[in-house]
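Step one of this worksheet: look at the structure below.
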Amino acid sequence: MLVTEKIKLLNTISEVRENIKEWKAQGLKIGLVPTMGALHAGHASLIKKAAESCDKVVVSVFVNPIQFGPSEDLDKYPRTLDADLKLCEELGASLVFAPTPTEMYGSGVHSNDFFTYVTPPFFMVNKLCGKSRVGHFDGVCTVVLKLMNIVQPDKAFFGQKDIQQKIIISKMVEDLNIPVEIICCPIVREESGLALSSRNKYLSEEGKKNALVLSKILQNVKSCYHKGITDINALKETAFEFLNENHELEYLEFVDKETLEDKKNVDDNTMALIALRVEGVRLIDNCYMN
Ligand code: PAF
């Protein structure tokens with residue numbers, strides 16, 4: 001008989017630690033899926049993957065204030081905890097950890113309660129999304145390390161959609177000897193090609209159509225590469241024919257898929273990454289060129 005265990009929603013670090021202690025004593029393998037909630041099919045794919053390869057899956061739902069810049073959408077960021085919990089339960093997660101900012105950072109990051117940040121390598125953060133989001137990856141690495149220390153997972157699951165984040169976290173795990181395996185899961189797209197994102201909720205129907213330009217540009221540079229064009233400037237040029245007044249391009253870059261180093265010419269180890277705004281909403285996407 002299949003016994004479905006009811007999912008637990010916990011808000012405190014000490015309660016999570018108690019559960020983890022029991023599971024570890026039983027020799028169970030733990031998977032962590034860190035999220036900021038507003039879960040969609042992209043997150044679902046991470047949770048499913050975690051449930052396939054771990055005995056217990058912990059999903060953290062925490063809109064991490066320290067990874068948002070002063071002009072970013074922290075207050076506006078969608079919060080849908082009831083729906084998130086339901087989805088996590090359906091997908092076989094055992095625990096949702098949804099702490100308050102006070103639980104994670106005491107009375108705030110500029111107070112006596114919280115001082116220590118993780119600073120990822122400058123050469124990985126001074127480009128792509130890190131260029132316009134100064135301090136963002138410090139905030140991401142800091143919260144992810146805290147979550148890893150709280151949950152002590154065997155595996156942690158991240159989406160390829162935020163590939164810069166995934167590469168920076170892998171470097172942190174390597175550099176700081178964190179005993180966790182990082183699993184990267186492919187981008188989930190709508191049938192139209194639009195990569196799923198919690199921020200898609202901010203787009204109108206028209207905006208969603210305009211947002212297809214990200215995947216179209218990526219598909220096009222990939223097919224140009226396959227036809228033999230390796231020159232980055234020539235590939236960048238091809239993007240302009242897709243752009244109009246509804247698009248505000250932030251970057252289209254070509255980097256090494258493991259290290260994020262800039263490429264002079266595209267090869268099979270290259271990724272293309274794009275960020276642009278539609279209706280003021282910042283959207284990102286990427287693809288492997290091979
Ligand atoms: O990718 C995200 O949703 C966040 O950056 C993460 C990894 C959950 C850290 O807050």
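Does the range 56-63 contain at least one residue that is hydroxyl-bearing (Ser, Thr, Tyr), within 22 Å of residue 181 (Cβ to Cβ) and within 15 Å of the chain's Cα centre (by Cα)? Checked against the condition, which is being hydroxyl-bearing (Ser, Thr, Tyr), within 22 Å of residue 181 (Cβ to Cβ) and within 15 Å of the chain's Cα centre (by Cα), the range 56-63 yields at least one hit. The selection criterion, being surrounded by fewer than 21 Cβ atoms within 10 Å (Cβ to Cβ) and without any contact (Cβ under 8 Å) to a residue 12 or more places away in the chain, does not hold for residue 119.
Does residue 178 satisfy the criteria of being within 13 Å of the ligand (Cβ to nearest atom), touching a residue at least 24 places away in the same chain (Cβ under 8 Å) and either within 30 Å of residue 206 (Cβ to Cβ) or crowded, with 16+ Cβ neighbours inside 10 Å (or both)? It is false that residue 178 is within 13 Å of the ligand (Cβ to nearest atom), touching a residue at least 24 places away in the same chain (Cβ under 8 Å) and either within 30 Å of residue 206 (Cβ to Cβ) or crowded, with 16+ Cβ neighbours inside 10 Å (or both).
More than 11 Å from the ligand (Cβ to nearest atom), under 29 Å from residue 219 (Cβ atoms), surrounded by 15 or more Cβ atoms within 10 Å (Cβ to Cβ) and not hydroxyl-bearing (Ser, Thr, Tyr), is that true of residue 159?
Details: more than 11 Å from the ligand (Cβ to nearest atom): no; under 29 Å from residue 219 (Cβ atoms): yes; surrounded by 15 or more Cβ atoms within 10 Å (Cβ to Cβ): yes; not hydroxyl-bearing (Ser, Thr, Tyr): yes.
No, not satisfied.
Every condition in (1) within 20 Å of residue 273 (Cα to Cα); (2) within 13 Å of the ligand (Cβ to nearest atom); (3) aromatic (Phe, Trp, Tyr) is met by residue 105 except one, and the failing one is (1).
Could you list, in sequence order, all residues of the range 123-148 that are within 11 Å of the ligand (Cβ to nearest atom) and among the hydroxyl-bearing types (Ser, Thr, Tyr)? Correct list: 142 only. Evaluating residue 137 against the criteria (1) assigned to a loop (DSSP other than H, G, I, E, B); (2) buried (at least 17 other Cβ atoms within 10 Å of the Cβ) leaves one unmet condition, (1).
Applying the selection to the range 270-290, what residues are touching a residue at least 60 places away in the same chain (Cβ under 8 Å) and among the charged types (D, E, K, R)? Across the range 270-290, the qualifying residues are 279, 282, 285.
Condition check ((1) away from the ligand (no atom under 16 Å from the Cβ); (2) aliphatic (A, V, I, L, M); (3) in contact with a helix residue (DSSP H, G or I) (Cβ under 9 Å, 6 or more places away or on another chain); (4) more than 21 Å from residue 275 (Cα to Cα)) across all residues:
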residue: 174; (1), (2), (3), (4): yes, no, no, yes
residue: 192; (1), (2), (3), (4): yes, no, yes, no
residue: 211; (1), (2), (3), (4): yes, yes, yes, no
residue: 214; (1), (2), (3), (4): yes, yes, no, no
residue: 222; (1), (2), (3), (4): yes, no, no, no
residue: 227; (1), (2), (3), (4): yes, no, no, yes
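A residue that is part of a strand (DSSP E or B) and either among the aliphatic types (A, V, I, L, M) or at pLDDT 95 or above (or both) can be found somewhere in the range 96-116.
The values are calculated or read from the model by the stated rules, or taken from the named source; none is laboratory data. Quick caveat: nothing in here was measured; it's all calculated off a predicted structure. Note that each Cβ is placed from the backbone with ideal geometry, even for glycine, and that neighbours are counted across all protein chains shown.
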